[in-house]
Amino acid sequence: MTGLRIAILAAGASARMRGRDKLLEEVEGLSLLRLAATRALATGCRVLVTLPVPAPLRAAALGGLAVDLVPVADAGTGMAASFRALARTATGPLLVTLADMPEIDTPALCRLIAAHRAAPDLVLRATASDGTPGQPVLFPARLVPAMAGLTGDTGARALLTGEKVRAVPLPGRAAVTDLDTPEDWAAWRAGRRPEGG
């Protein structure tokens with residue numbers, strides 16, 4: 001997709017994991033961060049990954065992958081810091097996904113990309129199959145410069161005000177499954193265990 005990039009937000013502190021880094025938890029034999037990047041790269045799009053400064057273990061988890069690392073020196077000020085860093089880096093439409101969502105796979109990303117081809121000027125937001133709004137969100141090129149003015153920890157919600165947002169349903173609860181705590185991880189892993197496992 002000419003000009004479209006996928007941005008993986010991976011600059012959060014993982015504060016609710018009580019000493020563990022959720023992005024380094026193993027899923028399908030890889031760290032969650034590496035898995036997210038691998039799935040994004042499989043779309044054929046250029047991939048950006050925001051990281052706090054410093055983040056040696058997260059950077060190492062991405063070793064050998066053709067992703068562009070976007071350092072976020074002020075990551076501690078909230079999620080908007082990642083969007084400001086992306087605004088300095090990216091041009092063109094931007095598909096923003098969170099690194100802590102293990103069910104966002106390559107087909108899910110491709111579904112949003114296909115919807116963008118059909119409606120390149122609209123904001124596209126993934127939803128659960130029941131219509132609950134979730135992530136990722138695809139921002140058309142015209143909104144990316146406005147990310148430079150975002151503040152706080154609400155992400156890019158302010159950019160959606162007054163926009164016509166088109167829902168892109170994803171299977172099940174993939175668009176609303178994010179894992180922030182050890183309990184979240186335990187419950188999610190238990191739910192994926194095969195019958196009798």
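The values are calculated or read from the model by the stated rules, or taken from the named source; none is laboratory data. What you see is a predicted model; the values in this text were computed from it and never measured. Cβ: placed from backbone, ideal geometry, glycine included. Neighbour counts: every protein chain shown. Remember, those area values only see protein heavy atoms, side chains included, never the ligands or the DNA or RNA. Shrake-Rupley method; radii C 1.70, N 1.55, O 1.52, S 1.80 Å.
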With eigenvalues of the C-alpha gyration tensor scaled by 5 and rooted, the chain, Å:
24, 21, 16
At the level of C-alpha centres, the distance separating the stretch 141-179 and the stretch 79-122, in angstrom, is 9
Can you work out ³J(HN,Hα) from phi for every residue in the stretch 141-156, in order, using Karplus 6.51 cos²θ - 1.76 cosθ + 1.60 and θ = phi - 60°, giving whole Hz and x for Gly and Pro?
4, 5, 8, 4, x, 5, 4, 5, x, 6, 9, x, 10, 9, x, 9
Under 5 Å between amide hydrogens, which residues at least 5 positions from residue 48 or on another chain qualify, with H placed 1.01 Å from N in the peptide plane?
6, 7, 8, 68
According to the square roots a ≥ b ≥ c of the eigenvalues of the Cα gyration tensor, what is the shape class of the stretch 4-104, taking rounded for a/c under 1.5, prolate for a/b larger than b/c otherwise, and oblate for the remainder?
oblate
What does the charge dipole of the stretch 98-161 about its Cα centre add up to, to the nearest 20 debye, if the Cβ of each Lys and Arg holds +1 and the Cβ of each Asp and Glu holds -1?
300
Anyone know which of 17, 79, 147 comes out most mobile in the 10 Å Cα GNM of the chain?
17
Per-residue HN-Hα couplings for the stretch 75-86, Karplus 6.51 cos²θ - 1.76 cosθ + 1.60 at θ = phi - 60°, whole Hz, x for Gly and Pro?
4, x, 7, x, 4, 4, 4, 5, 5, 4, 5, 5
What's the FRET efficiency of residue 129 with residue 74 using the Cβ-Cβ distance as r and R₀ = 35 Å, to the nearest 0.05?
0.45
At q = 0.15, 0.16, 0.18, 0.27 Å⁻¹, what log₁₀ I(q)/I(0) does the stretch 56-122 have when each alpha carbon counts as one equal point scatterer in the Debye sum?
-0.67, -0.76, -0.95, -1.31
Carbon and sulfur: what percent of the chain's accessible surface (1.4 Å probe)?
55
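State the dimensionless ratio Rg/Rh of the stretch 98-145 (Rg: radius of gyration of Cα atoms; Rh: Kirkwood radius).
Value, to two decimals: 0.97.
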Please calculate how many Å² of accessible area the chain carries per residue, with a 1.4 Å probe and no DNA, RNA or ligand atoms counted.
46
Find, among the trypsin sites (Lys or Arg not before Pro) in the stretch 6-94, those assigned to loop by DSSP (not H, G, I, E, B) with at most 11 other beta-carbon atoms within 10 angstrom.
18
Table column - 3J(HN,Hα) (Hz), the stretch 21-36, Karplus curve with 6.51, -1.76, 1.60, x for Gly and Pro:
9, 4, 6, 9, 5, 8, 9, 6, x, 10, 5, 4, 5, 5, 4, 4
